[in-house]
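Following: one structure in structure tokens, then a few remarks.
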Amino acid sequence: MYYQNNMKVAILGIDGYIGWPLALRLLSRGHEVVGVDSLYTRKRVSEVHSDSVTPILSMEERIKQIEEKTGKTIKFHKGDVNDPDFLYRFAEETRPDTFVHLAEQRSAPYSMIGLTQARETLMQNMGGTLNLIYVMKDILPDSHLLKLGTMGEYGTPNIDIPEGFFEVKYNGREDYLPFPKFAGSWYHWSKVHDTNNLMFANKVWNLKITDVMQGVVYGTRTPEIEKYELYTRFDMDEVWGTALNRFCTQAVLGYPLTAYGKGEQRRGFLSLEDSISCLTLGIEKEPESGQYRVYNQFDEHYSINELASLVKERAKSVLKIDVKVDHIPNPRVEKDEHYYNPEHSKLKELGYKPSRNLKDDIDSILKDVFNFKEKAMSLKDVIKPKTLWKDESKEKAR
Ligand code: USQ
């Protein structure tokens with residue numbers, strides 16, 4: 001394992017919540033960045049009548065501003081990783097050292113809207129990853145793929161969760177095997193299928209792969225976003241927004257926080273800044289040739305009730321806003337009380353030091369969202385959960 005500077009990194013999904021701040025970080029560390037995006041998320045978010053609360057520029061305008069502010073450029077290729085011709089052309093032309101694959105449909109609720117969205121999620125995500133595997137095998141067999149998976153691949157088993165693999169004893173024999181997966185949405189299953197395909201590609205073609213099982217990311221800022229004043233997107237609607245970002249927005253608007261079910265479900269969380277640091281570490285300290293490695297990427301795990309209480313307390317302290325926590329019927333099918341103890345030491349062994357504390361992060365999200373309160377208010381109709389994992393009325397109607 002070695003440390004590399006001045007790498008050429010292709011970020012697939014560069015226009016997204018994580019892709020954009022990752023591009024800024026890599027540029028500031030002296031790497032060359034090339035980007036791909038189909039602008040899929042912008043389109044799908046607008047289809048559910050939502051938008052980013054933070055103001056985001058077009059990709060062209062982002063690149064123009066970064067050139068003016070840093071003198072560095074990002075070569076952007078608009079296209080879909082699910083189109084093999086496009087991806088082969090892109091790889092031939094740019095020949096990166098590392099592919100960071102973030103270009104997947106990333107919303108669990110979106111994947112549960114209906115058959116169209118379930119098919120789209122599975123085909124889009126598995127198709128894009130499969131294309132990338134073949135592109136690497138055929139054109140760049142020594143390149144490194146850092147692929148974003150999810151902690152949700154594991155589900156919530158009643159035993160500790162290892163980082164990808166574990167030792168099993170069965171009928172008197174032992175082996176070291178992939179940990180069983182039990183995901184909670186078609187989106188999360190699409191990541192499980194990707195993982196299986198990546199393990200197989202590594203086995204047959206020795207491809208160098210890092211599979212990142214990332215927890216729920218929250219936040220609005222990284223040092224580069226602050227320095228260049230170029231926001232990344234921030235979603236808070238029921239389809240595209242994630243728990244803590246939604247709670248902070250709800251608090252700014254004075255709306256009750258939407259804790260689903262009993263609120264005792266636990267997930268691994270990490271700040272946007274920590275996500276970018278971990279991904280950068282995984283890019284710069286790449287696996288050995290022919291290695292497939294798995295990281296559980298989160299800082300701490302919290303229950304939904306713990307997060308909601310902390311947001312309630314910080315909203316009172318920072319913005320003098322009183323909010324209440326509403327326990328609404330869970331639109332998802334998931335355990336809302338369970339054991340949860342995933343291991344997460346490998347990234348720390350690689351050098352990851354969590355940078356922030358949750359209280360400060362929540363304060364900073366609350367202040368940022370408060371600055372764009374009018375925009376957040378204009379999106380108030382898309383806060384309440386409408387996407388049901390199990391729609392009883394449809395079942396009765398059939
Ligand atoms: N939840 C609430 N209230 C809300 C929103 C969510 O109680 O208003 C609960 C959900 O029921 C769930 C938990 O919060 O138990 C997390 O939900 P989420 O929407 O924040 O996150 P999730 O759907 O799991 O997906 C998100 C990202 C996805 C990423 C995943 C990491 O959208 O791209 O892969 O987090 S993880 O959850 O670890 O699998």
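Looking only at segment 283-302, count every residue that is within 29 Å of Val204 (Cβ to Cβ) and over 15 Å from the mean Cα position of the chain (by Cα) and tell me the total.
So the answer is 12.
Working only within segment 142-172, note down all residues that are in contact with a Lys or Arg (Cβ under 9 Å, 6 or more places away or on another chain) and more than 28 Å from Trp186 (Cα to Cα).
Scanning segment 142-172 gives Asp142, Ser143.
So, of the residues in segment 39-89 that are of a type in the set (Asp, Glu) and farther than 24 Å from Gly127 by Cβ, which turns out to be nearest to the chain's Cα centre (by Cα)?
Asp51
Kindly establish whether Ser364 is in a helix (DSSP H, G or I), within 21 Å of the chain's Cα centre (by Cα) and of a type in the set (Gly, Ala, Ser).
Spelling it out, Ser364 is indeed in a helix (DSSP H, G or I), within 21 Å of the chain's Cα centre (by Cα) and of a type in the set (Gly, Ala, Ser).
So which of Ile225, Ile209 ends up being surrounded by 13 or more Cβ atoms within 10 Å (Cβ to Cβ) and either assigned to a strand (DSSP E or B) or within 14 Å of the ligand (Cβ to nearest atom) (or both)?
Selected residue: Ile209, the only one of Ile225, Ile209 that is surrounded by 13 or more Cβ atoms within 10 Å (Cβ to Cβ) and either assigned to a strand (DSSP E or B) or within 14 Å of the ligand (Cβ to nearest atom) (or both).
Tell me yes or no: at least one residue of segment 348-355 is surrounded by fewer than 20 Cβ atoms within 10 Å (Cβ to Cβ) and either farther than 30 Å from His144 by Cα or of a type in the set (A, V, I, L, M) (or both).
Yes: one or more hits.
Given the conditions (1) among the charged types (D, E, K, R); (2) within 22 Å of Leu350 (Cα to Cα); (3) touching an Asp or Glu at 6+ places or on another chain (Cβ under 6 Å); (4) surrounded by fewer than 24 Cβ atoms within 10 Å (Cβ to Cβ), report the number of the one that Lys285 does not fulfil.
(3)
Would you please name the residue that is nearest to Tyr154 (Cα to Cα), looking only at residues in segment 318-361 that are within 16 Å of the ligand (Cβ to nearest atom) and β-branched (Val, Ile, Thr)?
My answer is Val333.
So which helices (runs of 4 or more DSSP H) stay within segment 15-87 end to end and still have 3 or more residues that are over 22 Å from Leu272 (Cα atoms)?
40-47, 59-70
If I go through segment 194-206 residue by residue, how many of them are open to solvent by 60 Å² or more (accessible area, probe 1.4 Å) and within 23 Å of Thr156 (Cα to Cα)?
1
Please find, within segment 154-174, the residue that is most open to solvent (accessible area, probe 1.4 Å) out of those that are touching a strand residue (DSSP E or B) at 6+ places or on another chain (Cβ under 6 Å) and under 24 Å from Leu270 (Cα atoms).
Only one residue tops the list, namely Phe165.
List the pairs whose first member sits in segment 228-241 and is modelled with pLDDT of 95 or more and buried (at least 21 other Cβ atoms within 10 Å of the Cβ), whose second member is among the hydroxyl-bearing types (Ser, Thr, Tyr) and not in a loop (DSSP other than H, G, I, E, B), and whose Cβ atoms are under 8 Å apart, counting only residues at least 6 apart or on separate chains?
Partner pairs satisfying both residue conditions: Arg233/Thr41; Met236/Thr249; Val239/Tyr110; Trp240/Thr41; Trp240/Tyr110; Gly241/Thr249.
Of all residues in segment 249-274, how many are outside any loop (DSSP other than H, G, I, E, B) and within 11 Å of the ligand (Cβ to nearest atom)?
Result for segment 249-274: 12.
Among the residues of segment 275-317, write down those that are away from the ligand (no atom under 16 Å from the Cβ) and within 22 Å of Gly261 (Cβ to Cβ).
The one that is away from the ligand (no atom under 16 Å from the Cβ) and within 22 Å of Gly261 (Cβ to Cβ): Glu313.
When segment 313-346 is examined, which residues are found to be part of a loop (DSSP other than H, G, I, E, B), among the acidic types (Asp, Glu) and out of contact with any helix residue (DSSP H, G or I) (no Cβ under 7 Å at 6 or more places or on another chain)?
Glu334, Asp336, Glu343 - these are the residues of segment 313-346 that are part of a loop (DSSP other than H, G, I, E, B), among the acidic types (Asp, Glu) and out of contact with any helix residue (DSSP H, G or I) (no Cβ under 7 Å at 6 or more places or on another chain).
Might you check whether a residue that is farther than 23 Å from Gly351 by Cα and touching a Gly at 6+ places or on another chain (Cβ under 8 Å) occurs anywhere in segment 14-30?
Yes.
How many of the residues in segment 125-147 are within 16 Å of the ligand (Cβ to nearest atom) and under 24 Å from Ile276 (Cβ atoms)?
Residues that pass the stated criteria total 5.
Out of everything in segment 89-117 that is within 16 Å of the ligand (Cβ to nearest atom) and in a helix (DSSP H, G or I), what residue ends up being most open to solvent (accessible area, probe 1.4 Å)?
Gln117
The values are calculated or read from the model by the stated rules, or taken from the named source; none is laboratory data. In this text, all values refer to a predicted model and were calculated from it rather than measured experimentally. Neighbour counts are summed over all protein chains in view; Cβ atoms, including those assigned to glycine, are modelled from backbone coordinates with ideal geometry. Heads up: the accessible areas ignore ligands, DNA and RNA and are worked out on the full protein's heavy atoms, side chains in. Shrake-Rupley method; radii C 1.70, N 1.55, O 1.52, S 1.80 Å.
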